[in-house]
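Please see the structure below; I have some questions.
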Amino acid sequence: MVKNRYAWRARYAALLSAVLLLTAAIAVATAADHGSAKPAAKSDNSHYAAVARGRIDVEGGLLDLHMPVSGGVEAVTVHAGDRVDKGQLLARLNAHVAQAQVHIAQGKLSQARSQSHILADRLKAARRRAGTLRSAARAGAGSTHDADAAAEKVHDLKWQLDSARAEIDIAQGKLAIARRRLAQHRIKAPVAGRIVQVHIHAGDHVAADAGPAFELLPDRARIVRAELNQEYVGAVHKGMSAQVVLDDAGQTPLGRAHIVRVGDVFHKPKLDNDPGQNAGIRTVLCVLAFDKPSHRRIGQRVLVRILPGGSQPGHDAAKAPVKGS
């Protein structure tokens, strides 16, 4: 009985020792893996002057197109995904009232012009009569009173003609305003591009101060808007080259780019994966243009690896980890 008890204790002690040795080996292997991984990541970033997070965008950004006036939507002539030319009609509102106002303004302009023509003809006749009476009065063959009355008539008609011509100017202005209001019942593409979203439909009633009716992606070059960490602002300047890769595990290369603008205002980072951790970090907007035309989707998150002095990776450079940018 005693012999079995000692044998069981010996086997338990041997098993415990084996478990402890195995645990220690696993811990050593894990520490070795972590130790080897950190230098690799550090070495990758050591080739760049700075690394910043960014997004693909288009110069000037997406365009939100609003209806200039309120009214009922009569027709929408495009769909999401359609390509449009500059000046192409996108939608129109019911414009019966606005069209009627144009007709009224045209009628008043025509009336003012007719009145002006009538007065111009009367003025010519009055001037001829006044000249005849004045000559007769000087020759003693006519009345001075009649000559003075004719001259007064000329003066009165001239004042009426000036007023009629002023009415023409006013009527032309009112017609231009009416036509402008009529044009505001249509919305056209300000530039060529592609319709991203359509927010209105035929039969809807839209308000001028409501949200956008259309979202338009202009036919402009793609750019990158990156958030450059405050620590590296002094090392980055216009003209420097950079590599652009997707901000994901694969880090797919998107091409080379160059810096076209570095901002002057610091702000909180918006693209940081952990905003709470880097609450005190400030970044500056850095805009890059691709060296070759790119048609990447707007909004894609990217990493921008800025090369020191435009050199290729592999040369000595300041270490530039991504910190809140």
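Table: residues versus (1) over 27 Å from Ile281 (Cβ atoms); (2) touching a Ser or Thr at 6+ places or on another chain (Cβ under 8 Å); (3) surrounded by 14 or more Cβ atoms within 10 Å (Cβ to Cβ); (4) not hydrophobic (A, V, I, L, M, F, W, C).
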{"site": "Val206", "(1), (2), (3), (4)": "yes, yes, yes, no"}
{"site": "Glu215", "(1), (2), (3), (4)": "yes, no, yes, yes"}
{"site": "Asp219", "(1), (2), (3), (4)": "yes, no, yes, yes"}
{"site": "Arg225", "(1), (2), (3), (4)": "no, no, yes, yes"}
{"site": "Lys238", "(1), (2), (3), (4)": "no, no, no, yes"}
{"site": "Ala249", "(1), (2), (3), (4)": "no, no, no, no"}
{"site": "Gly255", "(1), (2), (3), (4)": "yes, yes, yes, yes"}
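Could you tell me how many of the residues in region 112-146 are without any contact (Cβ under 8 Å) to a residue 40 or more places away in the chain and within 30 Å of Arg181 (Cα to Cα)?
2
Could you please let me know if Ala149 is part of a helix (DSSP H, G or I) and surrounded by fewer than 16 Cβ atoms within 10 Å (Cβ to Cβ)?
yes
Check whether at least one residue in region 77-85 is more than 24 Å from His201 (Cβ to Cβ), surrounded by fewer than 14 Cβ atoms within 10 Å (Cβ to Cβ) and in contact (Cβ under 8 Å) with a residue 60 or more places away in the chain, and report yes or no.
no
Turning to a different aspect of this structure: Can you name the number of the only condition in (1) surrounded by fewer than 17 Cβ atoms within 10 Å (Cβ to Cβ); (2) free of Cβ contacts under 8 Å to residues at least 24 places away in the same chain; (3) farther than 15 Å from Ser116 by Cα that Ile177 fails?
(2)
Check Val78 against each of (1) among the aliphatic types (A, V, I, L, M); (2) touching a strand residue (DSSP E or B) at 6+ places or on another chain (Cβ under 9 Å); (3) part of a helix (DSSP H, G or I) and name the one condition it does not meet.
Here Val78 clears every test but (3).
So which residues in region 293-316 are in a loop (DSSP other than H, G, I, E, B) and at pLDDT 90 or above? Even if it seems obvious, please write down each step before you answer.
Pass one, region 293-316, residues in a loop (DSSP other than H, G, I, E, B): 293-300, 307, 311-312, 314, 316.
Within region 293-316, Ile298, Gly299, Gln300, Leu307 qualify.
From the list Gly61, Gly87, exactly one residue is small (Gly, Ala, Ser), at pLDDT 95 or above and either at positive phi or touching a Cys at 6+ places or on another chain (Cβ under 6 Å) (or both). Which is it?
The match here is Gly87.
The values are calculated or read from the model by the stated rules, or taken from the named source; none is laboratory data. Predicted, not measured: the structure shown is a model, and the values here were computed from it. Positions of Cβ are backbone-derived with ideal geometry, glycine not excepted, and every protein chain shown enters the neighbour counts.
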